Amino acid sequence: MSSTTAVDVVMPQMGVSVSEGTITKWSKQVGDHIEADETLLEISTDKVDTEVPSPASGVVTEILVPEGETVEVGTVLARIGGEGAAPAAPPAPEPATQPAADAAEASASEGQAPAAEVGDTAPSGNGKSFISPVVARIASEHGIDPSQVPGTGNGGRVTKRDIQAFIDSGASQAAPAQPEPAQAAPPPPAPAEAVAPAPPAPAPAPVTAQAPTPAQASQEAAPPGLGETFEPMSAMRRGIAEHMRRSLDTSAHVTSAIEVDMSRVVQIREKLKKEFQSAYGVNPTYLAFIARAATETLRDYPWVNGELRGDKIVTRNYVNLGFAVELADGKGLIVPVVKNAETLNLLGMAKSIADIAKRARDKQLAPDDVTGGTFTITNPGGYGTFLGTPEISQPQAGILGTYAIVKRPSVITDENGTDAIAIRSMMNLTLTYDHRLVDGAYAGRFLRDLRERLQTWGESDY
Amino acid sequence: MAERTYLQAISDGLREEMRRDERVFVLGEDVGVYGGAFKVTLGFQEEFGSWRVLDMPLSETAIMGGATGAAIMGMRPVAEMQFADFVSCAWDHLVTIAAKQRWRAGTPVPIVLRLPSGGGFSGGPFHSQNPESSFAHIPGLKCVCPATPEDAKGLIVAAIEDPNPVLFFEHKHLYRRIKGEVPDERYVTPIGKARIHQEGEEVTIITWGAMVYTAEEAAKQLPDSSIEIVDLRTVMPWDKEAVLASARKTSKVLVLHEDTRTGGFGGEIAATIAEEAFEDLDAPVRRIAAPDTPVPFSPVLEKAFIPQVDDVVRGLKELIAY
Amino acid sequence: MAIARVAEPSGSLQDVKEWGLDREDLFTIYRNMLVTRGVEERGHILYRQGKIPGSFYTGRGNEASAVGVATAMGTDDVGTPLHRDMGVHITRGVEPWRIFAQYMGRADGPTHGRDGNVHMADERLGLIAMVSHLPAMLPVAVGAALAFRIREEKRVAVAWSGEGAMQRGDAHEGMNFAGVRKLPVVFICDNNQWAYSTPSHLEYAVEHLADRAQAYGFDGVVVDGTDVLAVYREAKYAIEKARDGGGPTLIECQTLRMEGHAVHDDAFYVPKELFEKWAERDPIERYRAWLQHNVDMTDEDENEITVQVKKLLNDSLQRAEESPQPDPSTLLEGVYATPDDLDTPHHK
């Protein structure tokens, strides 16, 4: 069919996961006539190399992308026909890149998760967003976000059976819904390791009630290839995936690191261990020391404990400290929160941490225990890692990473100015902060002050 | 135990009560010499005499008013409307006097009114109705609708025993079609208590009367689904607890009755479930009932009127898939 | 063309004695008529004072008919009196204070506030509470008679109806059944010539309603409803006939409704002359004259009775006014009867 209006030839999507393609060969030149379905060009994608048939008959009036160039799916590559059907001049490089740039922008914005607002009940990947009364009730009683549950009802609705099966399968850990409800079913975290501070955790990803984006979630996987097996994503995994992606897309993540001499803390801890154990039945972990010091330091750096909400900066007169906890089966993590940590001394902090660790182990965390955090501490160093770049738990502004305490030779200067080599217990700390709110210098000062507190911990400091 | 038809069970229950209590007597049209239009009282007049099995004039007022007066004076009349449809002629005495006398004047009126009801055999508009909802609406009356022979016997005994006016809806289409094991001895089926006809997990059907069998058939056609059928047995006072328990269990409810839809008793049940088990519902409460017309005569039309097995199957499927 | 028998007027004391009434009985009849009128007159006042809610009906002019029939009833007989038949309640022994309590909707009235005006009855006195639908109670009375017949008890039911109410199917169906089975029931028709504003000639086409009895296979009698002794005589005869298995009788008592249908009705549609004519035949005045003439009732005798009645009414009124209002929280009780409710003399 002939066209008098130009017909666009676009980069096809050769495969569900393909997002771009490379022009390998133009079979026609500008000015050539082509029939519909006749091969116009050849492309290469990471899935397949293929020929692209012309969508129309007519004269090739424009070729916009040269051979060898890679463009996003949907980019206009050429035009057929058009007014006068006279061949147009080959497009200048700028115009050529323009569509590509446009397309790149377009797809970039597509790729971005629509900012999920607090309390947003955007349709989950389950399809129908309708939650029936009984499902709503069961969800609230178990602290489950129904959008995390695979639905088999009409249009993918979550049915009562679906959510019951979900609960029975034990996949209902964490993921507390925002509002009130009864009890959550959180998982057992790994018990505290010997040296490393408290429960180890890779990266924090408190699973909040935010829904995964429709675009991502509704993508269907192509069937497994040879040598591949499929397993379904658990709701928790989905939640983590969504949160991780969104967190990176939301905050401007920057990480600063500092080295801390923990020798003093080690010393004091040794002394306190026995006393705390016998008098209070609690172990003063390194995490407790760090948490105490961090809470104090946050007082002077409110933005690290703050939040960017819309165009407002939120600061608080309290600290709700989250602790990233790995689940026993290694299939996810949870971040219980110690509320009003600023009111706790070392003993109180140690007790609180022990309590939430126990409750996390015994699956007795309530939804209230995993929401409302203002700052988080995570320990990627549980397995010996000395540095990491944790992700911020939205909507917070910072996360403190603790790492393995390792005995190292270190230069220390005595009061006379003499240098000597000593064996010191050294530990790295990272502060990952949202650079939209917190600048590097601010973060650096925070770390400096935190280090100072830890390194000069007084024996009578509690 | 013996296998009896639904009709025989009613007859047995009534006869045994008449033997047991001389205050019990039967009055209606053609109940004596003829044994009743459906032969429920066949042989009764021979056994009990013409003053305990009264062939009444063609006068529902005399039957109903007469029963009321006799009951106030200490008798236990079991009156019969030849067809439930004729109860409209007796409405006044039933609703104005019998229903209200206890509440307003402290005088109990222990009567039973037997009402051969229901359609399915081309009875036409005046021989096929199910008027239970009209009377369930009147405070002071009780309405029972047995579906099984066992319940029919137990409930006629219970109705006679009850000190209130009890309307006994006996479904004509069950009379001879349905047989069942019936205990020989005297027993009382409690008025106001439902019976689980079959247990299930996925969806509940609340129903009564002949529709119990329609529900059963429909469930059989969905063997992969777990369907619970609750036979209300008494429409007033109805077993709210049992219905709500089932609704909470399956979270999906279908109310099925042969009576017409608008103002049919299913509306009361559905509204109550919505009010009191809202947070246990996984789907809206559905009703399947006859359309809002008089009962048609021609078999083709009647089939389109009375809820059929297919209708129920369709309704169940929709609910299950919801 | 009349078919029913017209009753003779009351006779001398001698006749009365033959019917079984002694001097005591005759004064009792008088007292009952006075109390009946007194209760209704007081009630009338209370109503206009706003102390009686709803509507208020009287049977002024019907006292003889009501008291006459009730006096003829046996202790174990039952009846379904209507709103013109306060005299039946009084004669059977209902205490006036409870009647006032009933009028005022108090908790101690026979219906405990649940029904009003004369929709009441004391079951122990053999009375069954009426309803507004008339004459719905007629087939019910027939049903009572049916029970007596089945049980072969020597008891009689008395069914009241007005001349308007007689036009409904209930009357026909009830009387027909009673006639068919020769049940022990006596039908009293209070013909007071006006059904609300509708005169008799617009209610029925025959000369006497009692004529219809023949259509049902039994006798009808027309009697002067203002002549209490004549009413008594006819009622007694019919009741005993029924008791002996002679079947029903329809007695038509003729009178005039001396007031409106209810207190709110001033009966403008009744010709003044009619009121004047029947005022001369006021039942109480007639009987008073008869007593003075035939039984030597002295002024003292009369005075004594009048004073007693007055005191009774005053005390009753006071007692009723002091009695409590019903408790709304009890509203839902008793919709259904329990087996305990069957513990009545009738249900043994």
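No value in this document is a laboratory result; all are computed from the given coordinates. Bear in mind that the values here come from a model prediction, so they are computed numbers and not experimental data. Because the Cβ atoms are built from the backbone with ideal geometry, glycine has one as well, and the counts that use them run over all protein chains shown.
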Revision key, fill the gap. Filtered hits (aspartates and glutamates, Cα-Cα < 15 Å from B:Lys153, offset >= 8 within chain) -> B:Glu3, B:Asp12, B:Glu16, B:Glu17, B:Glu161, B:Asp162, B:Glu170, B:Glu181, B:Asp184, B:Glu185
Check your understanding: What Rg and what Dmax come out for the stretch B:26-73 when only alpha-carbon atoms are used, in angstroms?
Key -> 10.5, 29
Check your understanding: Using the 10 angstrom Cβ neighbour count as an exposure proxy, how do A:Ser460, A:Ser251, B:Ser88 rank, fewest first?
Key -> A:Ser460, B:Ser88, A:Ser251
Check your understanding: More than 11 Å apart: what percent of Cα pairs in the stretch A:24-65 qualify?
Key -> 63
Check your understanding: Would you list C:Lys277, B:Lys249 from fewest to most Cβ contacts within 10 Å?
Key -> C:Lys277, B:Lys249
Review point. Just how large is the dipole of the protein assembly as shown about the Cα centre, in debye to the nearest 20, putting +1 at every Lys and Arg Cβ and -1 at every Asp and Glu Cβ?
Key: 2160
Review point. Where does helix B:6-20 land angle-wise versus the long Cα axis of chain B, in degrees 0 to 90, nearest 10?
Key: 40
Exercise for review: May I ask for the net charge around B:Gln129, where only other residues with Cβ less than 12 Å from the Cβ of B:Gln129 are counted and Lys, Arg are +1 while Asp, Glu are -1?
Suggested key: -3
Exercise for review: Between beta-carbons, use under 11 Å as the cut-off and find the net charge around C:Ser323, counting Lys and Arg +1, Asp and Glu -1.
Suggested key: 0
**Study point:** Order of A:Thr371, B:Thr207 under a 10 Å beta carbon neighbour criterion, fewest first
**Key:** A:Thr371, B:Thr207
**Study point:** Cα-based reach from C:Lys236 at 18 Å (exclusive), listing lysines while leaving out same-chain residues under 8 positions away
**Key:** C:Lys17, C:Lys154, C:Lys182
Check your understanding: Which residue fluctuates the most in chain C, going by a Gaussian network model with Cα springs under 10 Å, if the choices are C:Tyr336, C:Tyr30, C:Tyr204?
Key -> C:Tyr336
**Study point:** Test item: C:168-175 mean partner chain Cβ contacts at 10 Å
**Key:** 5
Point to revise | Cα long-axis angle, helix B:211-220 against chain B (0 to 90 degrees, to the nearest 10) | key: 30
Review point. Can you pull the three principal axis extents for the Cα set of the protein assembly as shown, in Å, largest first?
Key: 151, 86, 67
Check your understanding: Just C:Tyr269, C:Tyr216, C:Tyr287 to compare: in a GNM of chain C, with alpha carbon springs under 10 Å, which one fluctuates most?
Key -> C:Tyr269
Review point. How much of the DSSP beta bridge set in the protein assembly as shown is antiparallel, as a percent to the nearest 5?
Key: 50
Review point. Hey, how many Å between the Cα centroid of the stretch C:17-81 and the Cα centroid of the stretch C:255-305?
Key: 13
Check your understanding: Dividing the Cα radius of gyration by the Kirkwood radius, what Rg/Rh value follows for chain C?
Key -> 0.95
Study note, to complete from the structure: Measuring from the longest principal axis of the C-alpha atoms of chain B, the long axis of helix B:265-276 (C-alpha) lies at a number of degrees, nearest 10, equal to 50
Study note, to complete from the structure: For the protein assembly as shown, whose charge dipole is built from +1 on Lys and Arg Cβ atoms and -1 on Asp and Glu Cβ atoms, the candidate among A:Leu327, B:Ser11, A:Tyr433 with its Cα farthest towards the positive end is A:Leu327
Exercise for review: Treating cross-link reach as a plain straight distance, find the lysines whose alpha-carbon is under 29 Å from the alpha-carbon of C:Lys51, omitting any fewer than eight places away in the same chain.
Suggested key: B:Lys100, C:Lys310, C:Lys311
Point to revise | B:Ala37 versus C:Trp19: modelled label distance in nm, points set 7 Å from Cα along the beta carbon direction | key: 4.7
Practice item. Have a look at C:Gln318, C:Ala289, C:Gln308 and report the one farthest towards the positive end of the charge dipole of the stretch C:239-348, computed about the Cα centre with Cβ charges (Lys/Arg +1, Asp/Glu -1). Key: C:Ala289
